[in-house]
Amino acid sequence: MGPEEFRAAGHELIDWIADYRARIPELPVQAQVGPGEVAGQLPKNAPEEAEPFARLLADLDAIVVPGVTQVQHPRYFGWFPSNATLSSALGDLATAGLGALGITWQSAPALTEVEEVVVEWLRELTALPESWKGVIQDTASTACLVALLAARERATDYSEARGGLQAESTPLTVYTTEHAHSSIAKAVALAGYGRDNLRLVGVDPVTYAMRPEALAEAVEADVAAGRRPAAVVVNVGTTGTTAVDPLAQIVPLAQRYGMWVHVDAAMAGSALLLPEMRWLVEGVEGADSLCWNPHKWLGTVLDCSLLYVADPAHLIRVMSTNPSYLRSGVDGEVTQYKDWGIPLGRRFRALKLWFVLLDEGVAAIRTRVRRDLENAQWLAGEIEAAPDWQVVAPVTLQTVCIRHVPVDLVEPAISAKNLAIAHHINRMGHAYLTPSLLDGRQILRISIGAERTERVHVAALWGALRAAAATV
């Protein structure tokens, strides 16, 4: 495909995307296919000859769209906001069009320097410490792994330069809660700590936030047993209920034992754009790292995760490689993001984030985030006032966790009823929400935050929930 053919096809594709986005509210929210159905519509072998571009677009409509859960839908309330604004889609297209090779500053100076500027903008906008520096990772899962690798090396005085963890005489321990994202346990395993050395600290039975006294007990027990506490992952907005661990109380304890403090604010980080929500990370100046994902609530298309660190020199020492073919005369004068994470090659992720900030403006983003917070509080109030319904966790952010509790039912029938309500709503396609478990009981988890979700859509979901409860 040459430039002129690309121009023509590109116009067709942009028109297709615009039409698709316009008709999303008319589509079922949940994917409408069964296992193997999409693959069964594709040829068994790759085409020997080129096919018309119009046929590809037709296949997008007929095969791909039905096989996608529409997370840009205004009645999408599942998992977490996964907004991909059209401005960020254009930024992603520009990234692909440039085809920049992001391995060193020399390979794409603009890639590095736009990232430096945009990451600093967002550090300032979220009021993180001025001395901190940031980098764009792909996801919070990777950001957490990188943070735990840095924690491991600080705890062992750079064991990677010797025999690694297998040469250490003392096991390292990591602490979080059972409500932490599953990527934390995976990062603990991949970083070599071993799952047996992950401690799930007790939480408050009402807020589901980590109890500092339980953390102290766990740390003291490990020290007494000859283990070395290395890191604590503090959750700011847990996946299940958006619980917020008390960072300001955890930091002094961690510092007493020389533990790395990593703050996982993957979804909640966007709320830090609001001055009234900065309480979420009170005490953050004593932490070592924090990550949050603009590809969730903010609106930047996947994948784009910000990792900020208090000591970038330590991170660089842990992650850097410097083969001869990557050296240049400007080393030492510029940022080399290859030394801030796992991959060598990097995409120009900052471009789509830049597009969002310039196209939408911070004021509009703040307005949208406040709208979602207000809609969550409104829904919680409606549910609390309704008979046979409960809000089962504090509504800290934009997630509302509820249960239908008919007076004539007991467990496990109540859990079965709630699961049936979720399946009914999702199967009908009018909305999508996530069934989940809390304290071993089935709940309905409603995450509000899609770009186009307004009060009318939240109210429609509440009506659908009541209708489903009367039906199933």
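The values are calculated or read from the model by the stated rules, or taken from the named source; none is laboratory data. Everything quoted here is computed from the prediction, not taken from an experiment. Cβ sites come from the backbone with ideal geometry, for glycine too, and all protein chains shown count toward neighbours. To get the accessible areas, we keep the full protein, side chains included, count just its heavy atoms, and leave off ligands, DNA and RNA. Shrake-Rupley method; radii C 1.70, N 1.55, O 1.52, S 1.80 Å.
For the reader, a short list of remarks on this structure follows.
- Residue-level accessible surface for Asp15, protein heavy atoms, 1.4 Å, Å²: 90
- The chain: proportion of alpha-carbon pairs further apart than 31 angstrom, %: 49
- Maximal additional length on extending the Phe53-Gln106 stretch stands at 15.5 nm, based on 0.36 nm per residue less the C-alpha distance.
- Largest accessible area first, the listed residues Tyr257, Tyr337, Tyr20 line up as Tyr257, Tyr20, Tyr337 when surface is computed with a 1.4 Å probe on the assembled protein chains.
- Segment 172-232: C-alpha gyration tensor shape, a/c 1.5 cut-off, then a/b vs b/c: oblate
- With semi-axes defined as the square roots of five times the eigenvalues of the C-alpha gyration tensor, the equivalent ellipsoid of segment 1-125 measures 31, 24, 15 Å, largest first.
- Leu13 accessible area, assembled protein chains, probe 1.4 Å, Å²: 60
- Think of a 1.4 Å ball rolled over the protein heavy atoms: the chain then has 44 Å² of accessible area per residue.
- Each listed q (0.15, 0.21, 0.24, 0.28 Å⁻¹) maps to a log10 I(q)/I(0) for segment 399-472 from the Debye sum over equal C-alpha point scatterers, namely -0.48, -0.91, -1.15, -1.44.
- Helix runs (DSSP H) in the chain reaching 30 Å along axis by Cα, Kyte-Doolittle at least -1.0: 362-384
- Heavy-atom accessible surface of Met277, to the nearest 10 Å², is about 20 Å², with a 1.4 Å probe and all protein chains retained.
- Value of Rg to Rh for segment 257-350 (Rh from inverse mean 1/r over Cα pairs, i.e. Kirkwood): 1.03
- Where a label projected 7 Å from the Cα of His11 along Cα→Cβ would reach, residues of segment 49-65 with amide N under 15 Å: 54
- List Ile184, Ile342, ordered by accessible area with a 1.4 Å probe, largest first: Ile342, Ile184
- For segment 298-346, the alpha carbon convex hull comes to 110 Å³ per residue, rounded to a whole number.
- DSSP finds beta bridges in segment 222-353, and of those with both partners inside it, around 40 percent are antiparallel.
- Rg to Rh, two decimals, where segment 187-286 supplies the alpha carbon set and Rh follows Kirkwood: 0.97
- When Rg and the Kirkwood Rh are both derived from Cα coordinates, the Rg/Rh ratio for segment 67-161 amounts to 1.04.
- Accessible-area composition of segment 127-203, carbon plus sulfur, in percent [1.4 Å probe]: 46
- Distance between segment 14-91 and segment 196-244 - C-alpha centres, whole angstrom: 41
- For segment 385-425, the ratio of Cα radius of gyration to the globular rule of thumb 2.2 N^0.38 Å stands at 1.23.
- Accessible area per residue (1.4 Å probe, heavy atoms of protein chains only) ranks Leu190, Leu172 as Leu190, Leu172, with the largest value leading.
- Label zone (Arg452, point 7 Å along Cα-to-C-beta; backbone nitrogen cut-off 12 Å) within segment 71-113: 71-76, 84-86.
- Cut-off 11 Å (backbone N to label point 7 Å along Cα→Cβ of Arg366), residues of segment 246-288: 273-277
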